[in-house]
Amino acid sequence: MISFLTRLNKPLQETLKNVSDPIQNAQITVFYYVFLMNLVKIGVLIPGYIATQDFLLLGYCALGVCTIFVIIKLLLSKPEHLNKLIHAVLIIKITMLIGGTIFYNGDLTLLTIQDIFMVCMWSFYALKGKWGFHYAWIATIPLFYPIIVQGAV
C-alpha cells in the first residue's frame, strides 16, 4: 500500500518542484487529489450501472475517466495553466449537472447535490470572488429546476 501511495504521489512532487508560489502549490495539490478521488467515485458507481444495464451512464463514466486522466496529465505537465484547467473543469461539471438534471432524469439526487456543493466550494477556493460567485450561481440551477418545471413550492 505504501509503495502504491508513493507512486501516486511521485508525479505530483516532481511538478511541485517547479512551482514557487505556495498558494498555487496548494491549489495544484488539492486539484490533483480531488481528481484522483473522482476515480474512486466513478468506481463506486460503475457496478450499479452494470447491474441496471444503464449503458448511457456507463459511457459517461468512461468519458469521465478519460477526462480525469487528460486533465491530470495537463496539470502535471503544465502547472502554469492551472486557472485555465479549473475554468474548463468547472464548465464541464456544470454542463454535466445541468444536462443530467434537465435531460436525463430531472431528479435531484444526493450525488447531484454533492456535485453542486463541490463546484461551489472549488470555484470560490480556486478562483475567488467574481468567478466563484458566477460558477456557484450557475451550478445551483439544478436545485431550482424541479421547482420551476413541476411548479412545486
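The values are calculated or read from the model by the stated rules, or taken from the named source; none is laboratory data. Bear in mind that the values here come from a model prediction, so they are computed numbers and not experimental data. Quick reminder, even Gly has a Cβ in these numbers, built from the backbone with ideal geometry, and neighbours come from all protein chains shown. When the accessible area is computed, the model is the full protein with side chains, heavy atoms only, and any ligands, DNA or RNA have been set aside. Shrake-Rupley method; radii C 1.70, N 1.55, O 1.52, S 1.80 Å.
Results for (1) within 25 Å of residue 134 (Cβ to Cβ); (2) among the β-branched types (Val, Ile, Thr), shown as yes or no for each residue.
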residue	(1), (2)
31	yes, no
46	no, yes
49	no, no
54	no, no
62	no, no
90	yes, no
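State which residue is modelled with the lowest pLDDT when the search covers only segment 124-152 and only residues that are surrounded by 13 or more Cβ atoms within 10 Å (Cβ to Cβ) and aliphatic (A, V, I, L, M). Ranking the candidates gives 143 first. Right, residue 69: closer than 25 Å to residue 125 by Cα and open to solvent by less than 50 Å² (accessible area, probe 1.4 Å) or not? When the stated conditions are applied, residue 69 does not pass them.
Residues in segment 1-43 that are touching a residue at least 60 places away in the same chain (Cβ under 8 Å) and outside any helix (DSSP H, G or I): 2 in all. Across segment 113-123, a minimum of one residue is classified as over 20 Å from residue 29 (Cβ atoms), among the aliphatic types (A, V, I, L, M), within 17 Å of the chain's Cα centre (by Cα) and open to solvent by 20 Å² or more (accessible area, probe 1.4 Å). Out of all the residues in segment 48-64, is one or more among the aliphatic types (A, V, I, L, M), open to solvent by less than 50 Å² (accessible area, probe 1.4 Å), within 20 Å of residue 118 (Cβ to Cβ) and out of contact with any Gly (no Cβ under 9 Å at 6 or more places or on another chain)? No, segment 48-64 contains no residue that is among the aliphatic types (A, V, I, L, M), open to solvent by less than 50 Å² (accessible area, probe 1.4 Å), within 20 Å of residue 118 (Cβ to Cβ) and out of contact with any Gly (no Cβ under 9 Å at 6 or more places or on another chain).
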